[in-house]
Structure formats: C-alpha cells, structure tokens
C-alpha cells in the first residue's frame with residue numbers, strides 16, 4: 001500500500017519482544033503477516049485446514065488466487081519459518097482447548113461467534129487494531145506511515161537482501177504483475193543513509209602517513225680469512 005513504510009531493524013527487535021508476549025491468537029496473526037509477506041486480507045482468508053493437516057502443522061502455507069489481490073496467477077506458497085511455527089503451534093493448542101477444529105473453520109476466530117454457534121473469523125478492522133496496538137506497545141513511533149502493510153514491506157526488504165538484491169525474485173515472492181510495483185516496495189533504511197552521509201566528511205579521516213624508513217646500518221666487517229703476518 002502506498003505511503004506505508006517498513007520497520008527498521010531496531011523496530012523489528014522491539015516488536016519481536018512484544019509479539020511473543022501477546023495472546024496466542026494475536027501473536028500468531030502478527031507473526032503470520034510479518035513472516036509470510038501476505039496482505040492482511042490474505043491472512044484473514046486462511047482456514048485451519050490451510051495450516052494443519054492430519055494433526056500436523058504444514059511446512060508451507062498457500063494462498064489460492066481467489067483470495068489474492070486481483071484474483072490472478074497461481075497459488076502463492078511461503079514456507080513456515082521457525083518463529084511462525086512456534087506461534088501457530090501455541091495458537092492451535094489454545095484453540096483445541098476451546099473449540100472443535102475442522103478444516104473449513106477460519107484460522108483467526110473472533111471471540112463473538114455466529115448465531116448458530118459456529119466460529120466466526122475476525123474482520124479486517126480488528127486485525128488492523130491488533131497490529132497497531134502491537135506497534136504502540138513496542139514503542140514504535142507512528143509517523144502516519146505505519147499500518148498492516150508495514151509488515152509486508154518489512155518482509156519484502158528481507159527477501160530482497162537475502163536474494164542478493166534480485167528484483168525479479170522479489171517480484172515473484174510478492175506475486176506482482178509489474179516490476180514497477182515491486183520497486184515501490186524497496187526503501188533505504190534511514191540508519192544506512194546516515195552512515196553513508198557521515199562517510200562524506202573526508203576531513204575527519206585519519207591522515208595516511210608515509211612509513212618510516214629504517215636507517216641503513218653498515219654491515220659488520222667480516223673476519224679476514226688471510227693468515228696473520230709473522231711477528
């Protein structure tokens with residue numbers, strides 16, 4: 001989303017400490033968008049059967065085209081990284097103690113169920129509040145550019161760096177149809193900009209001094225091999 005910014009490295013570390021202390025559902029929600037790069041609408045489309053099969057957590061999570069923006073392309077698969085695995089296992093264990101799980105049930109359920117007693121998924125506004133509150137609890141300054149899409153842009157930055165700055169790899173990872181859209185996801189961290197600027201002051205660099213040349217010492221006279229003269 002235009003106008004949103006990724007988190008800095010320091011902000012990510014602060015958010016991680018807070019996220020691990022959240023309630024199981026909220027922790028899983030924040031971690032899922034953070035470590036998959038899915039849009040919030042795609043995260044909310046997930047069902048229990050999309051992450052749990054035969055009682056075991058899946059290795060990859062897929063979003064079908066019908067649930068993606070534009071509804072085109074192929075199913076987008078993202079591996080379940082260790083941090084997300086721990087968050088999902090904690091949440092699913094919490095869910096099992098409260099409801100009977102079935103594959104078609106929304107993964108992120110609301111505390112308020114449907115009239116027929118079935119589980120109801122949380123809405124987009126509720127998901128946005130959960131993520132915004134996590135940002136605030138972590139002390140991340142809201143400069144007007146923070147939102148759910150900040151986590152997707154943060155994920156995109158990591159993919160870009162881990163791919164050796166390959167724009168086409170990032171385009172495929174984000175499921176973009178146009179590389180120009182992908183480029184808009186890339187931004188330079190302020191700390192990197194400041195570091196580059198500080199390096200411009202050549203007057204503060206240590207002077208390069210010429211190496212000292214050791215004084216030449218004449219070699220010691222070698223002993224003569226001639227026989228000594230008779231007295």
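We did not get these values from a lab; they are worked out from the coordinates using the rules stated. This structure is a prediction, so every number in the text was calculated from the model and none was measured. Don't worry about glycine lacking a Cβ; one is built from the backbone with ideal geometry, like all the others, and counts go over all protein chains shown.
Sorted from fewest to most neighbouring beta carbons within 10 Å, what does the list 202, 135 look like? The partial results should precede the final answer.
Working: 202 6, 135 22.
By the 10 Å Cβ count, ascending, the order reads 202, 135.
Arranged by the count of other C-beta atoms within 10 angstrom, fewest first, what order do 122, 131 take?
Details: 122 20, 131 23.
Result, fewest neighbours first: 122, 131.
What is the Cα centroid distance between the range 130-158 and the range 1-75, reported in whole angstrom?
13 Å
Beta carbons within 10 angstrom, averaged per residue: use that to sort the peptides 163-175, 28-40, highest first. Working shown, then result.
Working: 163-175: 15.5, 28-40: 24.2.
Answer by packing, highest mean first, reads 28-40, 163-175.
Between residue 186 and residue 83, what's the calculated FRET efficiency when r is the beta-carbon distance and R0 is 22 Å? Round to 0.05.
Working: r = 23 Å, r/R0 = 1.06.
Using R0 = 22 Å, I get an efficiency of 0.40.
Checking a compactness column here: for the range 9-185, what do you get for Rg(Cα) / (2.2 N^0.38 Å), N being the number of residues?
Working: Rg = 16.2 Å, N = 177, 2.2 N^0.38 = 15.7 Å.
Normalised Rg, Cα atoms only: 1.03.
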